[in-house]
Amino acid sequence: MNRERALVLLSGGLDSTTILAMAISEHMEVTALSFRYGQKHTQELDRAEAIAKHFGVKEHLIIDLDPEPFRGSSLTEDKPIPENRKGISDQIPSTYVPARNTVFLSIALGIAESREADHIFIGVNSVDYSGYPDCRPEFIEAFQHLANLATKNAVKGNPPRIHAPLLYMTKAEIIKRGTELGIDYGMTLSCYQPNSTGESCGICDACTLRLEGFRANGLTDPARYRKTSDDD
């Protein structure tokens, strides 16, 4: 029996690992897709490789992109990462990477067609997120409309379906679902500024949301965090 094919955007973080497990749980044949775009936290790509192997992904592509279009973000330049933010404000944080999800999905669209994949999974979230404009439902809806027009398969009546299964889930709900799927979240890296040994900072937006999600489930985050003076 031929399985449906899916392309999964895999960063190596908690959310993208959850959608990978979701796609596999639906018995899809998965190609994982990661990007090197000039991000300072490149350790996430090592995690992505390990995660893809753990889940038995047949093909894992890591695409090298020119970092020039992604300048201006504190994830790609020597700028401070926001720390200890309480709640999400209306202001888009410095960790926003210009048009990143638009570029990633556009490349995914081409690869999906070349791999004859009818599904593209992306782990964006509009509930517990850092205020990024390309994580909103409106963005996913707009890109689906583009995908309905942009490819040969779409013209023939078979456009790829953009899946964002975490879009309306809280971080706690995402972790609960992933735990049900048997994910070892110790494999994943969410931190924007891990140290050289891969320990997370615990105070950037990504770490804060992640830790709150585990606490809400009565769980301890299995990720490694660097010690602070308060831990001594």
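The values are calculated or read from the model by the stated rules, or taken from the named source; none is laboratory data. Since the model is a prediction, treat every value here as computed from it, not as a measurement. As a convention, Cβ positions derive from the backbone with ideal geometry for all residues, glycine included, and neighbour counts pool all protein chains shown.
Worth a mention:
- For segment 44-66, filtering for residues that are more than 22 Å from G182 (Cβ to Cβ) and surrounded by 18 or more Cβ atoms within 10 Å (Cβ to Cβ) leaves 1.
- Against the conditions (1) surrounded by fewer than 17 Cβ atoms within 10 Å (Cβ to Cβ); (2) over 20 Å from A48 (Cβ atoms); (3) modelled with pLDDT under 95, G198 satisfies every one except (2).
- Of S94, S126, S73, S106, all but one fail to be part of a helix (DSSP H, G or I) and polar (S, T, N, Q); the exception is S106.
- Within segment 1-36, considering residues that are of a type in the set (D, E, K, R) and outside any strand (DSSP E or B), the one nearest to the chain's Cα centre (by Cα): D15
- Within segment 201-232, being modelled with pLDDT under 95, outside any loop (DSSP other than H, G, I, E, B) and more than 19 Å from S74 (Cβ to Cβ) holds for S229, D230, D231.
Quick grid of which residues meet (1) under 26 Å from A52 (Cα atoms); (2) surrounded by fewer than 16 Cβ atoms within 10 Å (Cβ to Cβ); (3) touching a residue at least 24 places away in the same chain (Cβ under 8 Å):
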| residue | (1), (2), (3) |
| --- | --- |
| I122 | yes, no, yes |
| V155 | no, yes, no |
| M169 | yes, no, yes |
| A172 | yes, no, yes |
| R177 | yes, no, yes |
| E180 | yes, yes, no |
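- Within segment 186-195, being of a type outside the set (S, T, N, Q) and either surrounded by fewer than 21 Cβ atoms within 10 Å (Cβ to Cβ) or free of Cβ contacts under 8 Å to residues at least 60 places away in the same chain (or both) holds for G186, M187.
- Of the residues making up segment 25-32, at least one is at pLDDT 95 or above, surrounded by fewer than 23 Cβ atoms within 10 Å (Cβ to Cβ) and closer than 24 Å to R210 by Cα.
- Residue list for segment 124-146, restricted to those being touching a residue at least 40 places away in the same chain (Cβ under 8 Å) and crowded, with 18+ Cβ neighbours inside 10 Å: V124, N125, D128, Y129, S130, Y132, F143
- Any pair with Cβ under 9 angstrom, 6 or more apart, that starts in segment 5-19 at a residue that is within 15 Å of D184 (Cα to Cα) and at pLDDT 95 or above and ends at one that is among the polar types (S, T, N, Q) and outside any loop (DSSP other than H, G, I, E, B): G12/S34; G12/Q43; S16/S34
- Applying the criterion of being buried (at least 17 other Cβ atoms within 10 Å of the Cβ) and free of Cβ contacts under 8 Å to residues at least 60 places away in the same chain to the residues of segment 104-120, the residue that is nearest to E212 (Cα to Cα) is L109.
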